[in-house]
Amino acid sequence: MQFDTNRALYLQIAEELRRRIVSGRLKPGDRIMPVRQLAAELGVTPNTLQRAFQELEREDLLYTDRTSGRFVSEDKEKIQNLKRESIMESLDEFITTMLQAGFGPEEILKLVSERLERRMSDDRKQ
Amino acid sequence: MIGNNNAAGESKKKRRDGTLPSGNAPPVIETENLCFTYAADRPGLIQANLCLRGGRIIGLAGPNGSGKTTLMKLLAGMLQPQSGRIRISGHAPGPEAKACTAYLPDRSFMANWMRIDDLFYFYEHFFADFERRKAEDFMKLLKLREDRRLRDMSQGEKERLAVALTMSRRVKLYLLDEPIAAVDPVMRELVFESIIRDVPEDALVLMSTHLLAEAETLMDQVIFMQHGEIIRIADSETLRLTEGQSVEQYYKGVYAWY
């Protein structure tokens, strides 16, 4: 993994794991690789990775079973919330761009629904 | 609801900063007022006081001649201190301390006529904790054939071999003095991976390197040395969190003053 070494690595790893959960690369109930193995793969120390895990466990996105390992939460609502949160940011960005470009609220909504309709019909055709 | 969660998160985060696990583990390296002088005008190490516990990888940084290799050699039992005290896993310098230490010197110690499998044979007989299987796996990973002779190997290949031999021992303390100076970037990553994967959980790795930018993600803490003195010990993640600086940047800042 490429890191920005000016920022705490464990936060960047936590972000990456959240991204993987949102994108579905890590699915509910999936087992997480053993610490040492994943740490080696990411190129960080096991302590740093452990810290990232603690972060996600506190957010209830991961949980540890003492005997069988560490897993992605099976709480669908929790994961849905995470997806929503992660999408809000880009949505806000989009709104800012539109407002700055001089579009009013109604115009924005109209444009979005037009594009959305077109996308849906394109998808149906495929 | 979300706000509450974040607030709780913040306070926990604060408490965790800068703390590493195994705070109660017995120290692997302890030194008290450790001193070594090569000549009156050339001090090697001045009053080094360290207490380092296992379960972490610690970097040793500093310009040439700052005392990194001297400290390594003292800890490895290759130099006798003129004053001060050393304990390795509780043992005074001697056979017991050496038995818990795997030392990778900064210069090659291997004879040129040897083949890789000769070295395996030697290691097996010298070190009861040497795991030949592990060394063989390393060779595959690092793409070295065991019938190769050292004289036919490049500097980078020899370094890879030396790391493999050192990491194939099962000890409490790994002392790696500039382990990757001549290793190319692709192989470097493999060497790092194997260091992370193969160190026993409670062991301590002390690794000196000039390549801080390349190696800093691998270090839980960094010891900064200058003119034979330990001038600072910093937790890498805390530096990034509180200073917003990489270890390498911090290093440049530290030495700008000296």
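The table below lists the values:
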quantity	calculated
Cα-projected label distance for B:Ser108 with B:Lys252, points at 7 Å along beta-carbon direction, nm	3.4 nm
Rough spin-label spacing in nm, given labels placed 7 Å along Cα→Cβ, for A:Arg36 and B:Arg133	1.2 nm
Efficiency of FRET between A:Lys83 and B:Arg232 - r from beta-carbon atoms, R0 56 angstrom, step 0.05	0.85
For the pair A and B, total buried accessible area rounded to nearest 100 Å², probe 1.4 Å	2300 Å²
Probe 1.4 Å, accessible area per residue of chain B, Å²	48 Å²
Region A:34-106: proportion of alpha-carbon pairs further apart than 16 angstrom, %	65 percent
Model label zone, A:Met1; criterion: amide N under 18 Å from point 7 Å along Cα-to-beta-carbon; scope region A:54-68	A:54-64
Shielded residues, region B:196-234 - accessible-area loss of 40 Å² or more between chain alone and all protein chains, probe 1.4 Å	B:Ile196, B:Arg197, B:Thr217, B:Asp220
Cβ-placed point charges (K, R +1; D, E -1), dipole of chain B about Cα centre in debye, nearest 20	220 debye
Cut-off under 5 Å, modelled amide H: who pairs with A:Gly43 long-range	none
Carbon plus sulfur fraction of accessible area for the protein assembly as shown, probe 1.4 Å, in percent	50 percent
Projected area, mean over directions - chain B, Cα convex hull, nm²	16.1 nm²
Solvent exposure of region A:1-115 as accessible area per residue, Å², 1.4 Å probe	61 Å²
Region B:32-88: radius of gyration and largest Cα-Cα distance (Dmax), Å	11.5, 38
Total formal charge among the other residues, if their Cβ is under 11 angstrom from that of B:Arg115, Lys/Arg +1 and Asp/Glu -1	-1
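The values are calculated or read from the model by the stated rules, or taken from the named source; none is laboratory data. These figures come from a predicted structure and were not determined experimentally. Positions of Cβ are generated from backbone atoms using ideal geometry, with glycine treated the same way; all protein chains shown enter the neighbour counts. Ligands, DNA and RNA are excluded from the accessible area calculation, which covers all protein heavy atoms including side chains. Shrake-Rupley method; radii C 1.70, N 1.55, O 1.52, S 1.80 Å.
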